[in-house]
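So the structure is just underneath, and the comments pick up after that.
Bear in mind that the values in this text are calculations on the coordinates, not laboratory data. Remember, predicted model here, so these are calculated numbers, not experimental data. Ideal geometry is used to build each Cβ from the backbone, glycine not excepted, and the neighbour counts take in all protein chains shown.
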Amino acid sequence: MAELKYDDTGRLLFTEEMKEEYTILIPSMAPYHFRYFIPILESEGYQAEILENTSFDVIHTGMKYSHNDICVPAMLVIGQFIDAIQSGGYDIHKVALIITQTGGGCRASNYVSLIRKAFKEAGYDFIPIISVNAVGLEKNPGFEITATVLLKLITGLMMGDMIMQLYNEIAPYEKVKGETEQVYKDVNNLLDDYFYYPARKVFYHPKKLFEKVVKRFSQIAVDKSTPKPKVGIVGEIYVKYSPLGNNNLEQTLRDEGCEVITPNILDFFLYTFDSSIHDIEQYGGSKVTKWVYKFLIRFIEHRRNSVRKLLKKYGFRSFTHYQELRDYADGVIDKGMHVGEGWLLTAEMIELIHIGAPNIVCTQPFGCLPNHIAGKGMFKKIKKAYPESNIVAIDYDTSATEINQLNRIKLMITNAKNNLV
């Protein structure tokens, strides 16, 4: 068994020995995207699993080991981790946890500390917790974000965005029920191959692989004779993408006869890089760091251009360029508002209106200050500029009943369908 080692602050480290023996558990935040984390990690010599205990009942475990004033995403992540450990399906002395950390002003930056506190109270303080972040908050000798890993992460998120759009654009119109889901499963196995390419080949853009996927989705028979309202999903990043966090919102909207549009997760990462550039320009900082972030934005956008061209080639909607998305916020909200989802949340709502989806569900954990400012706080201004907008805010909280959420969503959908006539 690997020896437990700690840094100078007393933080338990994930060591090189643990890399050989431990299984890394990943929370189920964004199913379209996070599933690629398995081949990413396994291709780099790690063992990893996505947690599948996705019943909302895990919230009770989360509430038991966290303060009830913390936001729902924190309670769900803590509850999912501890519930998985307590289920008896793992050797608890050979598991580690992994979670992303933005380092910004949102409460999500404290999730790592909250998880450690909860695990100590639950008697699992011998389980290491790995923070994945771009600001150097924590480092572990057994886990390193190399250039190859970073490129795999970027490509995996790009794949997730592409698959998410294709699935949501086709599923409501499929002639053969379930065909989209089957194609989704088939192409995922195909995409997994990329992560096992030799390191030198990883740096080539997998355009041919992407084209096979887009072409396969384009072959699904659809019937678009009956128009469906397009409904966009925005909000706090966890409840925006996580079926566990938003009561399976995408499927709910499809069941109600809507076409779902969920903005790309990669835009959030570009926004965080952009926010760091903004702070360096406004308050000072490393010019090298600023250059690195600018390079990453240009690099990612360059690779995404190939995906945009493929989507357009096969008749799908091509997603917005980041700079255009950024410009949507001009005159509406200041770029200095980058706590949590910040100005990006406002820009995404305006983007959805521009691409023909003025019907929007703004998801937010109860008491999420950034979302109440950049989301709900912008409704009046957006509706004044875009009278056709049909926006509803849905709070996701332990005290919010699913029936109440569903009633509010159905009212928005009724308005959306009436506007189609």
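How high is the FRET efficiency from N418 to N110, r the C-beta distance, R0 35 Å, rounded to 0.05? All intermediate terms of the calculation are to be shown ahead of the outcome.
Values: r = 43 Å, r/R0 = 1.23.
Taking R0 as 35 Å, the efficiency between N418 and N110 is 0.20.
What are the lysines whose alpha-carbon lies under 29 Å from the alpha-carbon of K376, with same-chain residues fewer than 8 places away excluded?
Qualifying lysines at Cα under 29 Å: K228, K230, K240, K335, K384, K410, K417.
With a Förster radius of 25 Å, plug the Cβ-Cβ distance of H321 and H205 into 1/(1 + (r/R0)^6) and report the FRET value to the nearest 0.05. Working shown, then result.
Values: r = 17 Å, r/R0 = 0.69.
E between H321 and H205, to the nearest 0.05, is 0.90.
For region 16-144, what does the convex hull of the Cα positions come to per residue, in cubic angstrom?
Cα-based convex hull of region 16-144, divided per residue, equals 107 Å³.
Please compute the contact order of region 16-144 in relative form: average sequence separation of alpha-carbon pairs under 8 Å and at least six residues apart, divided by the residue count, as a percent. Mind showing how you got there, number by number?
Details: 180 pairs, mean separation 33.8, N = 129.
The normalised contact order for region 16-144 reaches 26 percent.
Local charge sum around Y386 (other residues, Cβ-Cβ under 13 Å, Lys/Arg +1, Asp/Glu -1)? Walk me through the numbers on the way to the answer.
Numbers: positive: K380, K381, K383, K384; negative: E351, E388.
Spelling it out: positives minus negatives among the neighbours equals +2.
Listing D267, D69 from the residue with the fewest other Cβ atoms within 10 Å to the one with the most, what is the order?
Going from least to most buried by this count: D69, D267.
Suppose R0 equals 56 Å. What FRET efficiency, 1/(1 + (r/R0)^6) with r the Cβ-Cβ distance, do R11 and K175 give to the nearest 0.05? Don't skip to the end; give the middle numbers.
On the way: r = 55 Å, r/R0 = 0.98.
So the FRET efficiency works out to roughly 0.55.
Which order do peptides 147-155, 17-25, 229-237, 282-290 fall in by mean Cβ count within 10 Å, highest first? Please report the intermediate quantities before stating the final value.
Values: 147-155: 16.9, 17-25: 18.6, 229-237: 25.7, 282-290: 10.9.
Put in order of decreasing packing, that is 229-237, 17-25, 147-155, 282-290.
For the chain, find the longest principal axis of its Cα atoms and tell me its angle to the long axis of helix 111-122, 0 to 90°, nearest 10.
50
Need one number: nm distance between label points at L406 and E52, each 7 Å from Cα along Cα→Cβ, rounded to one decimal.
Rounded to a tenth, the inter-label distance reads 2.6 nm.
Sorted by average packing, counted as other Cβ atoms within 10 angstrom per residue and highest first, what order do 177-183, 259-265 take? List each step's numbers first, then the result.
Details: 177-183: 14.0, 259-265: 23.6.
The packing order, highest mean first, is 259-265, 177-183.
I'd like the orientation of helix 266-283 relative to the chain: the angle between its Cα long axis and the longest Cα principal axis, in ° from 0 to 90, rounded to 10.
70
Give the percent of DSSP beta bridges with both residues in region 16-144 that are antiparallel, rounded to the nearest 5. Don't skip to the answer; put the middle values down first.
Details: 1 of 12 bridges.
The antiparallel fraction comes to roughly 10 percent.
What is region 274-421's relative contact order, in percent, from Cα pairs under 8 angstrom and six or more apart in sequence? Walk me through the numbers on the way to the answer.
On the way: 133 pairs, mean separation 24.1, N = 148.
Worked out over region 274-421, it gives 16 percent.
Once you put a point 7 Å from the Cα of N248 and another 7 Å from the Cα of Q86, both along the Cβ direction, what distance in nm separates them?
In this crude spin-label approximation the distance works out to 2.4 nm.
What is the angle, in °, between the Cα long axis of helix 147-170 and the longest principal axis of the Cα atoms in the chain? Nearest 10 is fine, range 0 to 90.
30
If I model the chain as equal point scatterers sitting on the Cα atoms and use the Debye formula, what is log10 I(q)/I(0) at q = 0.13 Å⁻¹?
Values returned for q = 0.13 Å⁻¹ are -1.26.
Using packing as a proxy for protection, rank 344-355, 298-309, 195-206 so that the peptide with the highest average count of other Cβ atoms within 10 Å comes first.
Values: 344-355: 24.4, 298-309: 15.8, 195-206: 13.2.
So the order, starting with the most tightly packed, is 344-355, 298-309, 195-206.
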